[in-house]
Amino acid sequence: MAVDHLNNFIDYIRHEKKLSKHSVLSYHTDLLQFQSFVEKELSDPNLLKINYLIVRSWVAQLIDNKIAARSVNRKLSSLKSFYKYLLRNDFIKTNPLQKIQGPKTPKKLPVFIDESNMELLFADIKFEEGFIGIRDKLLLDILYQTGLRRAELISLKEQSIDLYDLTIKVLGKRNKERIIPISLPLKRNLEEYFAVKKSEGFKNPYLFVNKKDKALNEPQIYTLVKKYLSQITTLGKKSPHVLRHTFATHLLNNGADINAVKELLGHANLSATQIYTHNTIEKLKKTYKQSHPRSGE
């Protein structure tokens, strides 16, 4: 019976909440791990009858097994969502996760690339001649100028671009749509790409394709971004998400309103955007130290 509830919950987050395949898989894996733990620990392993003590034991085991605090909290988040679903549908009377707190995680600041290095990317790096070079440069430019997530970039179609209004329509998390403005230089780069794509005879409606007219996938985009970022930065992380961090940090460093940045990024809560303000404060501290006559030690 509990298995049915678990499967129904997975169907719910897949079809009603419309979570991504990756998120659904993570939820399913976490819940199956917890179920396996309960089956080993209890003579009656009914997920509808457990209390907070068994959850606390599971968290303790995860920590003993050297599972990172961030991963433990993600698993707890999956479990909390599952039991909220059960409570909301009257399958249980009390939530066993109510008294559970996850381990503290160290605050991880977003990694970003300096403005001068980003200038190098577009001014000094030599891109391949023809379609591939034009595509790669445009892809990097869009990531830096819009802050798109990798999955959002993949889902872009030619019809997502409005060259007249200078906007891109983006389908974000939970199918939430947002409109992002684009610059005139980016418009010209898009026009050049569309012309070359058409001359190659490509008809795929997705914006970014390979030489076989197949839409680029996540691993291909990650590899492409890493290839070019490796030429301008020694950062350990060189992913599309680094360009998203760079987009947000550069906007805030140059005086953008944090609420506007929140909307551009497609964040549900302002707290998700506020992690970028730390880098802005560090820049202000540096400016103050360099410029104020009484800032010296």
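The values are calculated or read from the model by the stated rules, or taken from the named source; none is laboratory data. Keep in mind that what you see is a predicted model, and the values were worked out from it rather than measured. Reconstructed Cβ throughout: ideal geometry from the backbone, glycine too, with neighbour counts over all protein chains shown.
Values computed for the structure shown
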{"quantity": "Looking only at the range 15-51, and only at residues there that are of a type in the set (D, E, K, R) and out of contact with any helix residue (DSSP H, G or I) (no Cβ under 8 Å at 6 or more places or on another chain), the one that is surrounded by the most Cβ atoms within 10 Å (Cβ to Cβ)", "calculated": "LYS49"}
{"quantity": "Which numbered condition GLN33 fails, given (1) touching a residue at least 24 places away in the same chain (Cβ under 8 Å); (2) on the phi > 0 side of the Ramachandran plot", "calculated": "(2)"}
{"quantity": "Among (1) buried (at least 17 other Cβ atoms within 10 Å of the Cβ); (2) out of contact with any helix residue (DSSP H, G or I) (no Cβ under 9 Å at 6 or more places or on another chain), the one test that LEU97 misses", "calculated": "(2)"}
{"quantity": "Criterion: of a type in the set (Ser, Thr, Tyr), under 30 Å from ARG70 (Cα atoms) and not assigned by TED's automatic domain parsing to the domain that holds THR273 - qualifying residue of THR94, THR146", "calculated": "THR94"}
{"quantity": "Hey, LYS137 under 13 Å from the mean Cα position of the chain (by Cα) and either assigned by TED's automatic domain parsing to the domain that holds GLU218 or not hydroxyl-bearing (Ser, Thr, Tyr) (or both) or not", "calculated": "no"}
{"quantity": "Residue within the range 144-161 that is more than 21 Å from the chain's Cα centre (by Cα) and either surrounded by fewer than 15 Cβ atoms within 10 Å (Cβ to Cβ) or in a helix (DSSP H, G or I) (or both) present", "calculated": "yes"}
{"quantity": "Candidate set: the range 226-264, residues that are part of a helix (DSSP H, G or I) and under 17 Å from LYS108 (Cβ atoms); chosen: the one nearest to the chain's Cα centre (by Cα)", "calculated": "HIS241"}
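Here's the yes/no breakdown for (1) surrounded by 15 or more Cβ atoms within 10 Å (Cβ to Cβ); (2) in a helix (DSSP H, G or I); (3) in contact with a helix residue (DSSP H, G or I) (Cβ under 7 Å, 6 or more places away or on another chain); (4) hydrophobic (A, V, I, L, M, F, W, C):
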| site | (1), (2), (3), (4) |
| --- | --- |
| LYS80 | yes, yes, no, no |
| LEU87 | yes, yes, no, yes |
| GLY102 | yes, no, yes, no |
| PRO106 | no, no, no, no |
| GLU129 | no, no, no, no |
| ARG135 | yes, yes, yes, no |
